[in-house]
Amino acid sequence: MHNPGGSPFVGHLVDTSACGVAIRFPPPNWPNLTVGQEIDLVFTSEKFNEPLRVAVRVQHRTEEAGARRYGFRFLHPEQLDAHLCLTFREYFNRRKMLRVFPDPNDLVRVTLEAGHGEPPVEARLENFSAIGAAVSLEAELDAEFVETTRVGFSMQLPNCDRCVDLIGNIRYRRLVGARIHYGIEFDPELSEDFGRQQDIINEYKTKREQQWLRRSA
């Protein structure tokens, strides 16, 4: 991070999107920034021909164990995209990397199928991206999926006529309270019309991101 008149603050990139980044700064050399403050970030990497300077605004600050984390919003994302090479642009591909949360006021109906003839199981959407989702279900329903990692994933998004129907692979299972959480990665090869279904997910995802940005502004 650029620090006029002093040594730069060096942090570690922990999350990226098309709208901003999250950076963790270890002690004792961490910045004291106010929410809403506008600064310059300087990205360096052996993959870049030269450092990339980006104007950002502080969106949030979090005190973590042994570190301080800031969320920054790009002030001119369209200019950033225009100056990124293809390799670097992939780091800021929101369609691939960042998960968002459904609106608690909008019902998102999710069902899972184990593929052995049993009826679909109701699940709760916890978060999602264009390439995967985290869902939770009642703990006793885990027995339906104990012998498989591949599932049918169906999701009805608000104000969307078409249901999203994908094939996914369970990448993790975790007991959280009285529910089982699954991390599901969508399979683009086995899912029919995968690109079009990604577009449906991304349309809702963009809507949720815009809602979050309006609340954070």
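Coordinate-derived values only; no laboratory data. Since this is a predicted model, take the numbers as computed values, not measurements. Reconstructed Cβ throughout: ideal geometry from the backbone, glycine too, with neighbour counts over all protein chains shown.
I need the calculated FRET efficiency for the pair Arg171 and Asp15, taking r as the beta carbon distance and R₀ as 22 Å, to the nearest 0.05.
Step by step, r from the Cβ atoms, then E = 0.75.
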Q) Which three extents, in whole angstrom, do the alpha-carbon atoms of the stretch 158-217 cover along their principal axes, largest first? A) 35, 35, 17
Q: May I ask you to list the GluC sites (Glu not before Pro) in the stretch 138-217 that are in a DSSP loop and have at most 16 other Cβ atoms within 10 Å of their Cβ?
A: Glu147, Glu189, Glu192
Q) Which parts of the stretch 120-144 would a label at Arg99 reach, counting a residue when its backbone N lies under 12 Å from a point 7 Å out along Cα-to-Cβ? A) 125-136
Q) To the nearest Å, what is the center-to-center distance of the stretch 24-72 and the stretch 138-191, using C-alpha atoms only? A) 35
Q: Take every Cα pair under 8 Å in the stretch 93-217 that's 6+ residues apart, average their separations, divide by the length, and report that relative contact order as a whole percent.
A: 23
**Q.** Spacing of the two label points (7 Å from each Cα toward its C-beta) at Arg124 and Thr44, in nm
**A.** 4.6
